[in-house]
Amino acid sequence: MTPETYRCWAEVDGSALRHNAKVVRGRIGVAEMLAVVKANAYGHGLIGVAEALTDDAQLFGVANLEEAIALRGSRPQPIIILGPAIASERSTIVERGFIPTVSDFEEASEFNGLARDGAVLVNFKIETGMGRMGAIEAEALEIFKRIAALPKIDIHSVSTHMPVSNEDAEYTRDQLVRFRKIMKRLRQEVPGQYKAHVLQSAGTLAFNDPAFEIVRAGIILYGISPLPEFQRLLRPVMTWKARIGLIREMPKGSSISYGRTFVTPRSMRVATLTVGYADGYPRHLSNRDAAVLVHDRRCPLLGRVTMDLIMIDVSEVDKAQVGDEVVLMGRQGDQEISCAELAEKAETITWEITTRVGSRVRRVFV
């Protein structure tokens, strides 16, 4: 198939990826960049994104073993598995040389017992406010000491996660102070070459002094700022497109889509697009004043989003015809439907918009 025959596809701009990586580099100095490519690179395409960032990233971060295996075939950089490993995955993690994240002594001990040739590198997680992973802050030093004493374990890094860096600056600053104090004690009592990482995208933009030794760059790489005031620095990477599959002249009083939630107030020219919620287009955009771009014009979404199709009003676009390219998210001419706009109208977050772009949506790297 060629782009001319795609029904629904996402164009991923490699130059925009590299631009955003340079923005990150400019804010973190000599720190290593851990490019987070979990969830199919936030919906952008795991392998293509990793290839585009090969000269910029010193490490890659994934959510689980399956993603690590998919990535390893094409990347020489170290791969950190950011989520917890289940018991059945641990032997493969050791065999493949991935870096697991551990939260307690028991996890580390299991990896220690599986090691054969050489030590297992681990990322030790400390809980400082996120509540989903990590050794409890007050217990972290003692747990770390026990893990560091295991004969087949080497500490690659120590990390924590910031839950409100895009919402609560005061809490975030306090969290960073606490983490710095923990790291100071760890390094005093357990000397070593291990590195620290806490900053993610919002942290990189607003709390990057100091950056520590590693920075986890996630959604910022894809050109979406979690802090709106920094969006001007970034270039959106994904343009999501579909086609007009059908155009009909609908008389006044015609109902559109399930539930008859929209009835034409006048005669309207209605186009049916080849995308639906099975492709990841949010059903929550139904009847929320959402729009798409057709021939550089914003065209309103009509009625409810269905599984495979949506309907729009093209009454004001005389040139619209079957087969035309439609932009669901991205820029066309001087108009733009941003990821942030879709997220706001769907009452969700930008992370969910891109990661939900479905597997039947082809990724085309440009």
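The values are calculated or read from the model by the stated rules, or taken from the named source; none is laboratory data. Keep in mind that what you see is a predicted model, and the values were worked out from it rather than measured. Positions of Cβ are backbone-derived with ideal geometry, glycine not excepted, and every protein chain shown enters the neighbour counts. Each accessible area value is taken on the protein alone, full model and side chains, heavy atoms only, with ligands, DNA and RNA left out. Shrake-Rupley method; radii C 1.70, N 1.55, O 1.52, S 1.80 Å.
Structure above, values below:
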quantity	calculated
All-pairs alpha carbon distance profile, segment 77-126, 5 Å steps from 0, percent	4, 22, 40, 25, 8, 1
√(5λ) per eigenvalue of the Cα gyration tensor, segment 304-366, largest first, Å	21, 15, 15
Cα coordinate range in segment 213-366, projected on the principal axes (Å, largest first)	63, 30, 30
Equivalent-ellipsoid semi-axes of segment 1-114, from the Cα gyration tensor, Å, largest first	29, 19, 11
Distance between segment 343-363 and segment 53-70 - C-alpha centres, whole angstrom	21
Average accessible area per residue (Å²) across segment 8-139 - probe 1.4 Å, nucleic acids and ligands excluded	39
Solvent-accessible surface (1.4 angstrom probe) belonging to Phe365, in square angstrom, nearest 10	80
Which of Asn112, Thr54, Ile99, positive extreme of dipole for segment 1-115 (C-beta unit charges)	Thr54
Cα Rg over Rh - segment 107-195, Kirkwood	1.02
Check: the chain dipole with +1 on Lys, Arg Cβ and -1 on Asp, Glu Cβ, in debye	360
Helix axis angle, 14-28 relative to the chain longest principal axis, alpha carbon, degrees	40
Carbon + sulfur, % of accessible area of the chain - ligands and nucleic acids excluded, 1.4 Å	49
log₁₀ of I(q)/I(0) at q = 0.16, 0.18 Å⁻¹ - segment 162-284, Debye sum with one point per alpha carbon	-0.88, -0.99
Chain lengthening between Val322 and Tyr171 when straightened (0.36 nm per residue, less Cα-Cα)	49.1 nm
Helix-derived mean residue ellipticity, 222 nm - over the chain, DSSP H n ≥ 4, -39500 (n - 2.57), to 500	-8000 deg cm²/dmol
Simple spin-label estimate for Met130 and Leu246 in nanometres, 7 Å along Cα-Cβ	4.6
Global size of segment 68-151 as Cα Rg and Dmax, reported in angstrom	13.0, 40
Inter-centroid distance (Cα atoms) of segment 22-37 relative to segment 96-164, Å	23
Spin-label model distance (nm) - Arg25 vs Arg360, 7 Å beyond Cα toward Cβ	4.0
Cα-based Kirkwood hydrodynamic radius, segment 212-277, one decimal, Å	16.0
Residue with peak Gaussian network fluctuation, the chain [Cα springs, cutoff 10 Å], from Thr306, Thr350, Thr160	Thr306
Solvent-accessible area per residue, Å², over segment 201-320 with all protein chains present [probe radius 1.4 Å]	42
Using alpha-carbon coordinates, inclination of helix 105-114 to the longest axis of the chain, degrees	80
Fraction in percent of alpha-carbon pairs per bin - 10 Å, the chain	5, 22, 27, 21, 13, 8, 3, 0
Theoretical FRET efficiency, 1/(1+(r/R0)^6), r = Cβ-Cβ of Arg283 and Ala115, R0 51 Å, to 0.05	0.60
